[in-house]
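None of the figures in this text is laboratory data; all of them are computed from the coordinates on show. Note that the structure is a prediction, hence the values are computed from the model and not measured. Every residue, glycine among them, receives a Cβ derived from its backbone with ideal geometry; neighbour counts consider all protein chains shown.
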Amino acid sequence: MKVKELIEQLQKLDPEQTVLAICEDDDIVRKGHAFETFWVDSATTIRAEAKRLDFGEVEFKFGEYPETRDHVFLHLEHKF
């Protein structure tokens, strides 16, 4: 998702609502739960090189490398 796409989605919502994130990934969800809830704490831009690994995850190398570019990170808190 691009920042402009996220903004478009958020503009449809009440600006006074709390923003949360959910995850249904089996690697993250605790046994017996359908999903995990996260508090969106902040958003920042961080320079890093990103590489998609064979099993679908993304690996980041922080610093200046040949493929380094800005990435937007949402900081999530699990316990809130």
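What percent do you get for the relative contact order of the chain when only Cα pairs under 8 Å and 6+ apart count?
Computed over the chain, the figure is 28 percent.
Within the chain, how many Lys pairs sit with Cα atoms under 22 Å apart, leaving out pairs fewer than 8 places apart on the same chain?
Taking the chain as the scope, the lysine pair count is 6.
For the pair Asp54 and Thr68, how long in nm is the line joining their label points, each one 7 Å along Cα→Cβ?
Taking the simple label geometry, Asp54 and Thr68 are separated by 2.9 nm.
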